[in-house]
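Trainee: Here it is, the structure, as C-alpha cells.
The values are calculated or read from the model by the stated rules, or taken from the named source; none is laboratory data. These numbers come from a predicted model, not from an experiment. We place every Cβ from the backbone using ideal geometry, glycine too, and count neighbours over all the protein chains shown. All accessible areas refer to the heavy atoms of the entire protein, side chains included, with ligands and DNA or RNA removed. Shrake-Rupley method; radii C 1.70, N 1.55, O 1.52, S 1.80 Å.
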Amino acid sequence: MYRQQILDHYKSPRNYGELEEPTFTHVGENPMCGDTIEMQVKLDDDEEEIEYVTFQGDGCAISQASASMLSEKLQGMTVEDLQELDRDDVVDMLGVDISPMRIKCAVLAEKVAQDGADIYFGELDVDKTTTEDDD
Amino acid sequence: MGTTESAPLAVEDIRADFPILEREFDGTPLVYLDNAATSQTPDQVVDAIVEYYRTYNSNVHRGIHQLSQEASIAYEEAHDRVAEFIGAESREEIVFTKNTTESMNLVAYAWGLNELGPGDEVVLTEMEHHASLVTWQQVAKRTGATVKFVRVDDEGYLDMDHARELITDDTEMVSVVHISNTLGTINPVADLADLAHDHDAYMFVDGAQSVPTRPVDVGEIDADFLAFSGHKMCGPTGIGVLYGKEPILDAMQPYLYGGDMIRKVTFEESTWNELPWKFEAGTPNICQGIALAEAIDYLEDIGMDRVQAHEEQLAEYAYDRLSEFEDIEIYGPPGDDRGGLVAFNLDAVHAHDTSEILNEFAVAVRAGDHCTQPLHDKLGAPASARASFYIYNTREEVDKLVEALADARELFA
C-alpha cells in the first residue's frame, strides 16, 4: 500500500502552505483518525477554473499524500471537473489499493475541496467537512 | 497442561487449541496482538457452542419439555460458574448482558436515572473507557448530577490525592476501570472502593481488561458492581456479565421489560421475577452464556495466577523491546507494573500507518483512540497503536512486532 509515490508526497508534500489571496479556504477533519486538512483554492477571474491550490494538515500518510497529490491535480481543472471527482478518481490518483477502513483517509482532501467550492458558491452550509460518517 | 501455579504456561499446547492462530497471510503466519479488543476462542468453547446447537438448543424457562430443561439448567449453571469464578455469593448476583457496555448501561439506567439528582456526584477517572464515560455523562445530563474525573498523572497512574479530594459525601457512585485499556495501568480499585464506602457511595469496577487476565475477587475488592465481557476471555461475543451485590440489585428497578423478567402480569400491573432473571428480559444469549462458562473452565484449568504471570512477562518484554526505539512514545506505567498491553506511537508515523504496515507483516494490532478519546487528547495524540497479549502469545511474536516496526520506521524515515 505504501508505494514510493505516497511516501514521497507524505515526506515532501507539494503546495504545502497558504495562498496570499485564496478565493476560498475550507477545513476537514476526521476526529477519530486525527486527520486534518485545510485547503486553499484560488479561482480565475471568471470563477470557473482553478489557478492555485495549497493545503496544510496533519495525519496519516494516506490522507496527507492524497491532499498533496490532489493539490497538483486540481490546478488547471474547472470547478465543474472538481465536483465530478469521486472516490475512484482518488484511488486512481493514489495508484494503490486502499482498504475499506482507509478510504475515509484517502478521500478527505477531495471532499474538503468540493465542499469548499460548494460553500463558496452558496450551495452548502457546513463548518467542517468529515468523511468518517461516509461508509 | 501443567498444574502447578508457578510453572510457566505450556504455550505450545495452548496454541494447539486455537486453530485460527495457524492462519497465514501470503505465507506469513498470523501474529495476533489485538487481545484487548477481543480474544480468540479455543476449540473447547467452539465445541460447547456446537454441542448446544446440535443437541439441546431450546428456549430457557419456557418449556417443560426435555430440551428446554437441559438448556435451562445449563444456562442457570453458567451463572453459578461465573459467580464462583469472581467470588460472588450466588447466581442472584450475576446478570448476563450483551457485554461490559450493556452492564454499565444497566446500572446507569436502572439505578442512575432513578437515584441521582442535582447535587449528586459521580466520580470517574480520566482513563475511563467511553463505555463508562459517555454513559455517566448522559445520566448526569438527564438527572442534573455532576461527573468528576480523577486525574491521571504523567506516569499514567491515578492521582490518589485527587481521588481523596473528589470523593466526598456528595459522591453517589465511583466508577473506575480496573486496568486501563490504553495505558495498561492497574488501578487500586480496592482502595478506591474503601474511599467510596467511607462516603456511602457505590463502587463500580470496569473489569473488561482485568477479569480475563488475572484473578479478580469481588469480595477482596469489595466492589458493589463489576462488569466484564465474555469475548475478551476466550468466550464468544454477545455475552457480558454484571455482578452486583444482592441487596443492591434487589432494590433496583428493572432495566428492560418483557418476558422472563416478570412474576405476575395483569392488564394493570406486573411484578418482577427473582434475581438475576429480573434483569434478563426476553430470550437471552443462551448458547453464549453456556459457552462463557466453558471459557471459564478453560482459563481455570490453566490457572488465573499463571495467566496473569504470562501477561505481565510479555508486557514487560514488549515494553523493554519497544523502548529500544529512541523515537517511540510508550503510554502508561513502566513495563514491570502494567497489564498485558502496550500502546505507543512512533514519532514520524501515524498510528494507522503503523498498523497498516504491521498488517503487511501479518501482525494484528489495534490502531485508534481505543474508546478513550479524552485520554488521548490529554496524551496529545489523536490515536495510538496498541499491542495486547493473551495466553497463546510468545516472546517470538513480540520480536516479530518489533521487526515489523523497525521496517515501518525505515519506510517513513
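Trainee: Answer with one residue from B:371, B:349, B:189: the one whose Cα lies farthest towards the positive end of the charge dipole of chain B, charges on Cβ with Lys, Arg +1 and Asp, Glu -1.
Mentor: Working it through, the farthest residue towards the positive pole turns out to be B:371.
Trainee: For labels at residue B:141 and residue B:161 in the simple 7 Å Cα→Cβ model, what's the distance in nm?
Mentor: The modelled label-to-label distance comes out at 3.5 nm.
Trainee: From the residues A:112, A:27, A:13, which one has its Cα farthest along the dipole of segment A:4-120 in the positive direction, the dipole being from +1 and -1 charges on Cβ of Lys/Arg and Asp/Glu about the Cα centre?
Mentor: Result: A:13.
Trainee: Something else about it: List, in order, the whole-Hz ³J(HN,Hα) value for each residue of segment B:92-105 obtained from phi through the Karplus relation with A = 6.51, B = -1.76, C = 1.60 and θ = phi - 60°; use x for Gly and Pro.
Mentor: Once rounded to whole Hz, the list reads 4, 8, 10, 9, 7, 10, 7, 5, 4, 4, 5, 4, 5, 5.
Trainee: Please compute how much accessible surface disappears when B pairs with A, both sides summed, using a 1.4 Å probe, and round it to the nearest 100 Å².
Mentor: On the way: alone 17220 and 7050 Å², together 23110 Å².
What B and A bury together is about 1200 Å².
Trainee: Nothing charged except the Cβ atoms of Lys and Arg (+1) and of Asp and Glu (-1): what's the magnitude of the dipole of segment B:234-359 about its Cα centre? Round to the nearest 20 debye.
Mentor: So the magnitude is around 820 debye.
Trainee: Kirkwood Rh over Cα pairs of chain B into Stokes-Einstein at 20 °C, 1.002 mPa s: D in µm²/s? Walk me through the numbers on the way to the answer.
Mentor: Working: Rh = 22.2 Å.
Using the Kirkwood radius from Cα pairs, D works out to 96 µm²/s.
Trainee: Follow-up. If we count every other residue with Cβ under 9 angstrom of residue B:200's Cβ, Lys/Arg +1 and Asp/Glu -1, where does the sum land?
Mentor: Taking every other residue near residue B:200 into account, the sum is -3.
Trainee: Step through the residues of segment A:45-62 one at a time and calculate ³J(HN,Hα) from phi using the Karplus curve (6.51 cos²θ - 1.76 cosθ + 1.60, θ = phi - 60°), rounding each to whole Hz and writing x for Gly and Pro.
Mentor: Couplings: 4, 7, 6, 10, 10, 8, 8, 9, 9, 10, 9, 9, x, 7, x, 6, 4, 5 Hz.
Trainee: Around residue B:256, which amide H atoms from residues at least 5 apart in sequence, or from another chain, sit under 5 Å from its own amide H, with H modelled in the peptide plane?
Mentor: B:281
Trainee: If you don't mind, there's one more thing I want to ask. Mind telling me which of B:271, B:38, B:394 comes out most flexible in a GNM of chain B, alpha-carbon contacts under 10 Å?
Mentor: B:271
Trainee: Further question: With charges only on Cβ, +1 for K and R and -1 for D and E, what is the dipole size of the protein assembly as shown about its Cα centre, in debye, rounded to 20? Please report the intermediate quantities before stating the final value.
Mentor: On the way: 37 positive and 111 negative charges, 331 e Å.
Using only the charged Cβ atoms, the result is roughly 1580 debye.
Trainee: In addition: Note down the magnitude of the dipole of segment A:52-135 about its Cα centre, charges +1 on Lys and Arg C-beta and -1 on Asp and Glu C-beta and zero elsewhere, to the nearest 20 debye.
Mentor: Charge dipole of segment A:52-135: 400 debye, to the nearest 20.
Trainee: Would you kindly derive the ³J(HN,Hα) couplings of segment B:296-307 from the backbone phi angles with the Karplus curve 6.51 cos²θ - 1.76 cosθ + 1.60 (θ = phi - 60°), listing them in order in whole Hz, with x for Gly and Pro?
Mentor: 5, 4, 4, 5, 6, 4, 6, x, 5, 4, 6, 4
Trainee: While we're looking at this one, here's another question. Within straight cross-link reach of residue B:245, meaning Cα distance under 21 Å, which lysines are found once same-chain residues fewer than 8 apart are removed?
Mentor: The qualifying lysines are B:98, B:278.
Trainee: Here is a follow-up. Per residue, how many Å² of accessible area does segment B:46-301 show with a 1.4 Å probe?
Mentor: Using a 1.4 Å probe on heavy atoms only, each residue of segment B:46-301 averages 40 Å².
Trainee: Given R₀ = 35 Å, FRET efficiency for residue A:133-residue B:50 by Cβ-Cβ distance, to 0.05?
Mentor: The computed FRET efficiency comes out at 0.35.
Trainee: Counting only protein heavy atoms, what percent of the accessible surface of the protein assembly as shown is carbon or sulfur at a 1.4 Å probe? Present the calculation step by step, with values, prior to reporting the outcome.
Mentor: Numbers: 10150 of 23110 Å².
Ligands and nucleic acids excluded, carbon and sulfur give 44 percent.
Trainee: So what is the relative contact order for segment B:46-301, in percent, with contacts set as C-alpha pairs under 8 Å and at least six apart?
Mentor: 23
Trainee: Taking Cα centroids, how far is segment B:264-322 from segment B:62-97 in Å?
Mentor: That distance is 12 Å.
Trainee: For a test of understanding, tell me how many lysine pairs in segment A:8-135 have Cα atoms under 17 Å apart, given they are 8 or more places apart or on different chains.
Mentor: The number of close lysine pairs in segment A:8-135 is 5.
Trainee: Right, next: How far apart, in nanometres, would the label points at residue A:99 and residue B:328 be if each is projected 7 angstrom from Cα along the Cα-to-Cβ direction?
Mentor: Placing both labels 7 Å beyond Cα along the Cβ direction yields 2.0 nm.
Trainee: Calculate how many DSSP beta bridges within segment B:165-230 are antiparallel, expressed in % of all such bridges and rounded to the nearest 5.
Mentor: Bridges in segment B:165-230 are about 10 percent antiparallel.
Trainee: Follow-up. If I stretch the segment between residue B:297 and residue B:268 completely, what's the gain in nm (0.36 nm per residue apart, minus their alpha carbon distance), one decimal?
Mentor: Using 0.36 nm per residue and subtracting the Cα-Cα distance, I get 6.0 nm.
Trainee: Can you compute the helix-only [θ] at 222 nm over chain B? Use -39500 (n - 2.57) per DSSP H run of at least 4 residues, normalise by all residues, nearest 500 deg cm²/dmol.
Mentor: Numbers: 14 runs with 156 residues, N = 413.
Counting only the DSSP helices, I get -11500 deg cm²/dmol.
Trainee: Let me ask something else. Ignoring everything but the protein chains, give the 1.4 Å probe accessible area of residue B:323 in square angstrom, nearest 10.
Mentor: We get 60 Å² for residue B:323.
Trainee: In whole angstrom, how far apart do the alpha carbon centroids of segment B:330-408 and segment B:243-258 sit?
Mentor: Taking the Cα centre of each part, segment B:330-408 and segment B:243-258 sit 38 Å apart.
Trainee: Residue A:58 to residue B:24: FRET efficiency via 1/(1 + (r/R0)^6), r the Cβ-Cβ distance, R0 25 Å, to the nearest 0.05?
Mentor: 0.10
Trainee: Now for a different question. Taking only Cα atoms and a 10 Å spring cutoff, compute GNM fluctuations for chain B and point out the largest among B:188, B:276, B:29.
Mentor: Maximum among the listed residues: B:29.
Trainee: Follow-up. Say we join alpha carbon atoms closer than 10 Å with springs in a Gaussian network model of chain B; which of B:114, B:35, B:99 then has the biggest fluctuation?
Mentor: Comparing B:114, B:35, B:99 in the GNM, the peak value goes to B:114.
Trainee: Based on the Cβ-Cβ distance of residue A:20 and residue A:81, what FRET efficiency does E = 1/(1 + (r/R0)^6) give at R0 = 22 Å, to the nearest 0.05?
Mentor: Computed FRET efficiency for residue A:20 and residue A:81: 0.35.
Trainee: Between residue A:88 and residue B:73, what is the label-to-label distance in nm when each label sits 7 Å out along the Cα-to-Cβ direction?
Mentor: 6.1
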